[in-house]
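Everything below concerns the one structure shown next.
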């Protein structure tokens, strides 16, 4: 019988250790009643490293090789090699939560830098060092609104087009609270501000909007949404992503109290929905005491040098237990590290350029598709970021299936609507994609 | 006088350790912040109308060589599993096999979650295999992989329990949790809208069945337990406990934090647990990443399968598909969870197989028991399995831990569980050799032999000296902007 390849014991060491303990077998160390012992087999055959790699690779090869024009809240941007190599340094990736900050200054500083980048990008004073993803960050924002004494309402208002995954998670996060979730209408992709005005009142706890929206449109007049929430003592939570933040209106300047969204658009690639939840908020005392998740703060060490540590931990589950601001413990710290590395590698010029390219690519690609017979793009008479919805004369599901047969993936988002997302990761395939669309839409 | 000059005498039997540190010439900080190395403000010009865009953006602007050096220096001021032993109790800090990283880096592993099922048969196939492996390992009938962390798994499991009761027309209000349980259990129950009933331990450090009897009622939605418990003790009365919970119609929940003790030897499903979560970043060797990402799959009995999150992967005659379970609780993650973490766990399980998994628990328990024999601190409760909780006695456990840092080891979890005064909760895992355990024991014993003054001033050989927690919390400076405002 072979053992774990990662347990280093020789037979003689095992014997010496058993002797030191005073037992004659490993089995004797297990204090498990006979009646619940498992002596069966799982039927999993041990493999050599090479065989294990081959087995996983062989199954993965069953994924079709498609060029994806997919987005809707989760994006694929090119991740520079330097990010992979630095983030994979074992001192980072094999470390734990920084409960001993004296030996964890490196990761703490990197997370402090990540928080600072979000502070700059959002204009808000506080950012935590991660939530699981955009959907769970939205859920945390809602329960934060409920905890705030300055907010007495219980209604959470979200756009009718909210991504189904985000809506589903939000529903579960509020299930244990007094909050209810309601939708407000959108007009041509964006917030229908007149309709929203009708819905917001003193019973409102939170108003949630996104920029860009799930349909790729860029919001206009978000400051009026901020004012509306403010007038009725509701929290204004804005959903966005790390690239859009570099270009679109600064959340603080439109009155956002909380920013949530996806951070993994930089640093991670598609990764089958594996993400990073952004969470930033205003820094007044009430919010600071109620913010969910881990926070890294600056302090001094015994040599009076600036040093970093996890702080304000009395908000957290390991101290506050059932009165904690969230149950989150393990988070996405390593993804936040990657995202910070990617932001730093782009610098402000590179990041703004990437964001501007996202506007240009969506406009140009929509323009090219609009020239084809059987396609009108974009559906919404708005500015777009990275992606847009196109109307197709044929059923959208059939178009998506036909495009897949040609090697391209798009979203079918309505009976006759497809959604197309363009980044530097798929731009090189645009000519072939447009040609394929022109074939299948006829 | 600097910390280096104040060093206590070297302990001959311990490893000599010096963590790299990069001290800025100013002397009042270590490696400067990226922002201090050079930032740039750019005016934002765009084809968009001005009122839709921000005015400017200020961010660090390092060259790639500067960036590489910055993060390399930071990494040198960070201690990981590959730096040395990391016996953090309850955290199962195993070695993370390198080949799993190579698999996670594959291009065909990084696909968009909104692709059609017919084009993602590889990913769905691996997810389905992992569901099956985990179900077999835990003795559970169905598994969801969606929860992105252990606490998210708890939340999922408690929502499943809640939906089950609601489907029976049964509104229940309480979740029972042992006092010594993980903090996430309490927070999770509250998040799901339950009142928490805290359960004391008996004198042997196990569930007090009389107290449990008193706590159980028609209001009991679930009892959350970990087994072995946080003292490393197996709950020998587990079958009786399961019967008691089931008699009042409650659900028995298994917190998988300590599953490494049982691999191949006992299964929560066989003990009467109805729902469990797995911490793949503990038991199945995926890296902790400085605090995450993890993954917290949830296993359930056949009776609870219909409540699992949406979507769930299942096999068809020709491949794999996702479906919505009949009474699904809905979503706990925007997509399908932390896929790349799950992929690494799959690869680890495949590599070890039955024999390797059983050996992992054998060696984890052997290592904990051997280490316990070598250390001078008292260990009040036993027999323990993969971890033990020593008491620092007259010493402050947090100070003793700081002293251990000086010997090139990561200290145990401190001051928890509170049932042991000044607790040092220690879990060496199966990856340590006898020689490393001897060095680790020497570090424990050197700390144990240190006087109060020494441990209060420790550590002295780490990148940073003892950090002032109080000032960090009293005057929160959470960004470089906050530091600038101060100056």
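Values in this text are rule-based calculations from the coordinates and carry no lab data. Values in this document were obtained by computation on a predicted structure and should not be read as measured data. Using ideal geometry, Cβ is built from the backbone for each residue, glycine included, and neighbour counts are taken over all protein chains shown.
Worth pointing out:
- Between A:330, A:58, A:299, the residue with the greatest mean-square fluctuation in the GNM of chain A (Cα pairs under 10 Å linked by springs) is A:58.
- Taking 0.36 nm per residue of separation and subtracting the current Cα-Cα distance, fully stretching the chain between residue B:236 and residue B:471 would add 80.1 nm.
- Across all directions, the shadow cast by the convex hull of the range B:18-144 built on its C-alpha atoms averages 15.6 square nanometres.
- For the range B:316-417, average projected area of the Cα convex hull in nm²: 12.0 nm²
- Pairwise Cα distances in the range A:11-52 exceed 12 Å for 73 percent of all pairs.
- Computed from Cα positions, the angle between helix A:430-440 and the longest principal axis of chain A comes to roughly 70 degrees.
- Stokes-Einstein D in µm²/s, Kirkwood radius over Cα pairs - the range A:140-272 at 4 °C with 1.567 mPa s viscosity: 87 µm²/s
- Normalising the average separation of contacting C-alpha pairs (under 8 angstrom, six or more residues apart) by the number of residues puts the relative contact order of chain A at 19 percent.
- Global form of the range A:47-136, assessed from the alpha-carbon gyration tensor, a/c cut-off 1.5: oblate
- Chain A pair-distance distribution - Cα-Cα, 10 Å bins, rounded %: 4, 18, 25, 23, 16, 9, 4, 1, 0
- Added length on full extension, which subtracts the Cα-Cα distance from 0.36 nm per residue, residue A:198 to residue A:25: 54.9 nm
- The range A:49-97-the range A:168-245 distance, computed between alpha-carbon centres (Å): 34 Å
- With each label modelled as a point 7 angstrom along the Cα→C-beta vector, the residue A:289-residue B:63 pair spans 5.0 nm.
- Per-residue Cβ neighbour rank within 10 angstrom, fewest leading, A:12, A:116, B:173: A:12, B:173, A:116
- Bridge type composition, the range B:99-351 - antiparallel percent by DSSP, nearest 5: 40 percent
- Taking every Cα-Cα distance in the range A:224-342 and sorting them into 10 Å bins from zero, the calculated P(r) comes out as 12, 33, 37, 17, 2 percent.
- Reduced Cα scattering model of the range B:162-219, Debye log10 I(q)/I(0), q = 0.24, 0.27 Å⁻¹: -0.99, -1.10
- Inter-label distance, nm, simple model (7 Å from Cα along the C-beta direction), residue B:170/residue B:270: 2.7 nm
- On Cα atoms only, tilt of A:105-122 relative to the major axis of chain A in degrees: 10 degrees
- Take the Cβ atoms of residue B:486 and residue A:2, set R0 to 56 Å, and the FRET efficiency comes out at 0.45.
- Gain upon complete extension [residue A:149, residue A:314; 0.36 nm per residue less C-alpha separation]: 57.6 nm
- Of the two radii for the range B:99-351, the radius of gyration is 0.97 times the Kirkwood radius, both from the alpha carbons; that is the Rg over Rh value.
- Of all DSSP beta bridges confined to chain A, the antiparallel ones make up roughly 55%.
- Fluctuation leader among A:103, A:410, A:260 - chain A, Gaussian network, Cα springs under 10 angstrom: A:103
- In plain terms, if you count all Cα to Cα distances in the range A:81-340 and split them into 5 Å steps from zero, the share in each step is 1, 6, 14, 18, 20, 16, 11, 7, 4, 2, 1, 0 percent.
- Site pair residue B:105 and residue A:223 shows an inter-label distance of 4.8 nm when each label is modelled 7 Å from Cα along Cα→Cβ.
- Comparing the protein assembly as shown with the 2.2 N^0.38 Å rule of thumb, its C-alpha radius of gyration ratio is 0.91 (two decimals).
- Relative contact order %, chain B, counting alpha carbon pairs below 8 Å whose residues are six or more apart: 20 percent
- Here the residues A:420, B:44, B:175, ranked from fewest to most Cβ neighbours within 10 Å of their Cβ, fall in the order B:44, A:420, B:175.
- A Förster radius of 30 Å combined with the Cβ-Cβ distance from residue A:81 to residue A:406 puts the calculated FRET efficiency at roughly 0.50.
- Estimated FRET transfer efficiency when R0 is 22 angstrom, pair residue A:231-residue B:55 (beta carbons, to 0.05): 0.30
- Taking only the alpha carbons of the range B:131-264, we obtain Rg and Dmax values of 14.2, 39 Å in that order.
- Candidates A:294, A:361, A:306, ranked by Gaussian network fluctuation over chain A, Cα under 10 Å, top entry: A:306
- Over chain A: helical MRE at 222 nm, DSSP H runs n ≥ 4 each giving -39500 (n - 2.57), nearest 500: -11500 deg cm²/dmol
- With both residues required to sit in the range A:233-373, DSSP beta bridges show an antiparallel share near 65%.
- Prolate/oblate/rounded call for the range B:63-122, Cα gyration tensor, a/c under 1.5 rounded: oblate
- Paramagnetic reach from residue B:378 in the range B:400-442 [backbone N under 13 Å; point 7 Å along Cα→Cβ]: B:420-423
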